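Read the figures in this text as sums done on the coordinates, not as results from a lab. All of these numbers come straight from a predicted model, not from anything done at the bench. For neighbour counting, all protein chains shown are included, and Cβ atoms are generated from backbone atoms with ideal geometry for every residue, glycine included.
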Amino acid sequence: MSILSNSPSRSKRILTILVFFLLSIVITIAGVLTPLSSKDSKDLSNDLKQIQDETKNMTVWQSTIFIFTNNFRLCLLMFIPIAGPLIGSYILYSTGLVIGAWGHENNVPSLIAFVALFISPHTWLEFMAYSIAFAASVWLTWRAIKHQFKKEILQTCKFIAISALILLAAAFIEAYLIAALPSA
């Protein structure tokens with residue numbers, strides 16, 4: 001702990017974000033590896049396919065806004081002090097369940113499906129934005145405990161703006177990739 005107490009605040013924040021990035025991956029993998037009944041797997045996979053089909057019929061800009069709005073709304077929940085990391089963990093675990101269900105329904109090993117997502121930069125960007133939100137929630141909670149809540153609000157607003165920009169870029173990349181894929 002002495003390493004953290006002697007390092008500047010920026011270093012602590014970066015370290016916290018990196019820890020949450022790794023933790024986010026672990027939580028998502030836990031969802032990927034959770035066994036589902038055939039019915040649950042089929043239902044989740046069908047829900048995903050329906051969303052993909054809806055997005056496929058949109059323009060790149062429409063799907064960018066659709067994807068961004070969904071992801072940013074979820075990300076904002078992750079900024080909530082104390083509850084944010086719990087909500088975010090549930091969201092990431094649920095995402096893992098969907099990835100696992102998709103893999104099961106398409107005869108792709110679930111972990112391979114998960115790793116394949118990381119080929120695209122939008123996945124890295126989304127996980128980074130969510131990790132920033134987790135970290136900001138922890139920092140906001142910690143500063144509130146230390147009676148420095150007002151000081152931390154400005155930092156949190158900056159992190160919300162940074163996360164929004166990251167998620168907008170991720171949404172555009174994802175929308176472009178969806179549009180570029182051949183129709184099934």
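How would Cys157, Cys75 line up from fewest to most surrounding beta-carbon atoms within 10 angstrom?
Numbers: Cys157 12, Cys75 24.
Lowest to highest Cβ neighbour count: Cys157, Cys75.
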Subject >> Mean Kyte hydropathy of -0.5 or more with a Cα span along the axis of at least 24 Å, helices from DSSP in the chain >> reply: 9-33, 60-78, 83-105, 121-145, 149-180
**OP:** Please list, or write none, the lysines whose alpha carbon is within less than 20 Å of the alpha carbon of Lys151, excluding same-chain residues fewer than 8 places away.
**Re:** Lys12
Original post:
What whole number of Å gives the distance from the Cα centroid of region 23-52 to the Cα centroid of region 111-143?
Top reply: 18 Å
Original post:
Which order results if Lys151, Lys12 are arranged by neighbouring Cβ count within 10 Å, fewest first?
Top reply: Lys151, Lys12
Original post:
What is the pair-distance distribution P(r) of region 16-122, computed from all Cα-Cα distances in 5 Å bins starting at 0, with each bin given as a whole percent?
Top reply: 2, 12, 17, 23, 21, 16, 8, 1
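Kirkwood Rh, region 56-169, all Cα pairs: how many Å? Walk me through the numbers on the way to the answer.
Numbers: mean 1/r = 0.0652 Å⁻¹.
After inverting the mean inverse Cα-Cα distance, the result is 15.3 Å.
Treat the count of other C-beta atoms within 10 Å as a stand-in for reagent exposure and order Lys150, Lys49 from fewest to most. Intermediate values should be presented prior to the final figure.
On the way: Lys150 9, Lys49 13.
Least to most surrounded, the residues fall as Lys150, Lys49.
Relative contact order for the chain using alpha-carbon pairs under 8 Å, separation at least 6, rounded to a whole percent?
Normalised by residue count, the contact order of the chain is 33 percent.
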